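Some notes on the structure that comes next.
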Amino acid sequence: MRKILTVTAVAAVALMALSGCSSRAPEAAGGSAAAGFPADSVIGVALPSKTSENWVLAGGLFEDGLKAAGFKGDVQYAGASTTVKDQQDQISAMVTNGAKVIVIGAQDGGQLGTQVKDARDAGAIVIAYDRLILNTDNVDYYVAYDNFKVGELQGQALLDGLAAKKPEGPYNIELFSGNSADANAPVFFNGAMSVLQPKIDDGTLVVASGQTDIKQTATADWKPENAQSRMDSLLTSTYGSQEIDGVLSPNDTLARAIITSVKAAGKPIPVVTGQDSEVESVKSIMAGEQYSTINKDTRVLVKQAIDMVKTLQTGGTPETNDDTYNNGNKIVPAFLLPPVIVTKDNAAEAYANDPKLSPLTK
Ligand code: BGC
């Protein structure tokens, strides 16, 4: 029941996001926002398990950036286990240690209510990072890339890739989505479906398996092995005597697992979308295998989060640019960054300022 409510709430948010962004000065957040806090305070950063490269990068960037800003950073990852207890315990310890701000990339957006309430009660300010924290009043700010836009860009890339491959449909496609405990997963999916559904309705796209419900397309814990085994099953059940033209994949880790499955079945690689600009996927795109990814530069997102912390330290109100993210209890004032679609055609330009990815595009 709760999951259904959550997905519905997030879907409503996604629809509201379509109506555009507006600025709004949020009320002073947390107990101590107006007063600020000492410049060398403890700042907690609770990240989820390392299900994609961006999370690995974020940890190091937070360590270095918080130190450079004069704070005592306490950066923790939820373990590889799929339980949420690791992260709940880490946040509780940050509260006990007197953290003034706790930045959280939620392992499970609906399971942190008690911990963020304790944080707020102790006077800390809570910032949701990348993933929204759901069904609680105790989240002050949200900083992320525009998740609905990510989905829209993925849906459009799938259409573009299919049209480039063969001029006319119908095209056989399959749909994948992320971990259902991640508040981003339905937002990505709904963004993509806002582009794809009209083409399914008019017969241009055919989801040959019939699996179009997010519950059927979900990938437990964002694990590549789960996407790979679902793709194996789809190929066996549905693509014995017909070709698969395209696959909506929510991120790069899953895209590569889907491509591995298709290759093992001896089938031609379909148009496969992705997200995160992971090194192996950028290589795959340049080699003509994966079709697209999304550039959500982690350096920029972490800097934005640390800038929020710096503003809060002085007693100021962080800049926000969106008031459409309803977490089920409240609108969380958000700062959203724009994601960029990347294919082989624009990779050199998209990664021109990224010393790690730029050489891969030469
Ligand atoms: C992030 C994606 C990432 C996924 C799996 C999502 O919440 O926004 O960038 O691919 O988690 O780690």
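The values are calculated or read from the model by the stated rules, or taken from the named source; none is laboratory data. For clarity, every value in this text was computed on a predicted model and none was experimentally measured. We place every Cβ from the backbone using ideal geometry, glycine too, and count neighbours over all the protein chains shown. Just so you know, the surface numbers come from the protein's heavy atoms only, side chains and all, with ligands and any DNA or RNA stripped out. Shrake-Rupley method; radii C 1.70, N 1.55, O 1.52, S 1.80 Å.
Annotation note: of Lys67, Lys149, the sole residue that is open to solvent by 10 Å² or more (accessible area, probe 1.4 Å), more than 16 Å from the ligand (Cβ to nearest atom) and part of a helix (DSSP H, G or I) is Lys67. Does the range 212-223 contain at least one residue that is among the charged types (D, E, K, R), open to solvent by less than 10 Å² (accessible area, probe 1.4 Å) and farther than 24 Å from Gly288 by Cα? The answer is no, given that none of the residues of the range 212-223 is among the charged types (D, E, K, R), open to solvent by less than 10 Å² (accessible area, probe 1.4 Å) and farther than 24 Å from Gly288 by Cα. Inspection of the range 221-244 identifies at least one residue that is over 30 Å from Val45 (Cα atoms), part of a helix (DSSP H, G or I) and charged (D, E, K, R).
Just the residues that are surrounded by 14 or more Cβ atoms within 10 Å (Cβ to Cβ) and either free of Cβ contacts under 8 Å to residues at least 12 places away in the same chain or over 18 Å from Thr136 (Cβ atoms) (or both), please, taken from the range 94-109. Within the range 94-109, Gly98, Lys100 qualify.
The single condition among (1) in a loop (DSSP other than H, G, I, E, B); (2) without any contact (Cβ under 8 Å) to a residue 60 or more places away in the chain; (3) at negative phi that Gly288 does not meet is (3).
Going through (1) in contact (Cβ under 8 Å) with a residue 24 or more places away in the chain; (2) outside the structural domain of Gly44 (by TED's automatic domain parsing); (3) among the acidic types (Asp, Glu) one by one, Asp345 falls short only on (1).
Considering the range 81-93, and only residues there that are away from the ligand (no atom under 16 Å from the Cβ) and of a type outside the set (Lys, Arg), the residue that is surrounded by the most Cβ atoms within 10 Å (Cβ to Cβ) turns out to be Ile91. Here Val101 fulfils each of the conditions (1) within 16 Å of the ligand (Cβ to nearest atom); (2) under 21 Å from Val309 (Cα atoms) apart from (1).
Being not polar (S, T, N, Q) and not assigned by TED's automatic domain parsing to the domain that holds Ser41 is a property that Leu153 has. Within the range 131-144, the set of residues being open to solvent by 10 Å² or more (accessible area, probe 1.4 Å) and under 20 Å from Asn295 (Cβ atoms) comprises just one member, Arg131. Within the group Thr320, Thr298, Thr324, Thr311, which residue is out of contact with any strand residue (DSSP E or B) (no Cβ under 9 Å at 6 or more places or on another chain), crowded, with 17+ Cβ neighbours inside 10 Å and hydroxyl-bearing (Ser, Thr, Tyr)? Sole residue among the options that is out of contact with any strand residue (DSSP E or B) (no Cβ under 9 Å at 6 or more places or on another chain), crowded, with 17+ Cβ neighbours inside 10 Å and hydroxyl-bearing (Ser, Thr, Tyr): Thr298. The number of residues in the range 272-288 that are open to solvent by less than 10 Å² (accessible area, probe 1.4 Å) and either away from the ligand (no atom under 15 Å from the Cβ) or at pLDDT below 95 (or both) comes to 1.
Would you please name the residue that is nearest to the chain's Cα centre (by Cα), looking only at residues in the range 163-188 that are surrounded by 24 or more Cβ atoms within 10 Å (Cβ to Cβ) and assigned to a helix (DSSP H, G or I)? In this case the residue turns out to be Asn184. Taking (1) assigned to a loop (DSSP other than H, G, I, E, B); (2) surrounded by fewer than 24 Cβ atoms within 10 Å (Cβ to Cβ) in turn, Asp118 satisfies each apart from (1). What about Leu112, is it within 12 Å of the ligand (Cβ to nearest atom) and buried (at least 24 other Cβ atoms within 10 Å of the Cβ)? The answer is no for Leu112. One residue alone among Lys303, Lys267 is away from the ligand (no atom under 16 Å from the Cβ), out of contact with any Cys (no Cβ under 7 Å at 6 or more places or on another chain) and part of a loop (DSSP other than H, G, I, E, B), and that residue is Lys267. Does any residue of the range 241-249 turn out to be open to solvent by less than 10 Å² (accessible area, probe 1.4 Å), aliphatic (A, V, I, L, M), touching a residue at least 12 places away in the same chain (Cβ under 8 Å) and within 15 Å of the ligand (Cβ to nearest atom)? Checked the range 241-249: at least one residue is open to solvent by less than 10 Å² (accessible area, probe 1.4 Å), aliphatic (A, V, I, L, M), touching a residue at least 12 places away in the same chain (Cβ under 8 Å) and within 15 Å of the ligand (Cβ to nearest atom).
Looking across the range 105-160, the residues that are farther than 30 Å from Asp202 by Cβ and small (Gly, Ala, Ser) come down to Gly105, Ala106, Gly109, Gly110, Gly113, Ala119, Ala122, Gly123, Ala124, Ala128, Ala144.
The set of residues in the range 40-51 that are near the ligand (Cβ under 10 Å from one of its atoms) and open to solvent by 10 Å² or more (accessible area, probe 1.4 Å) comprises Ser49, Lys50, Thr51.
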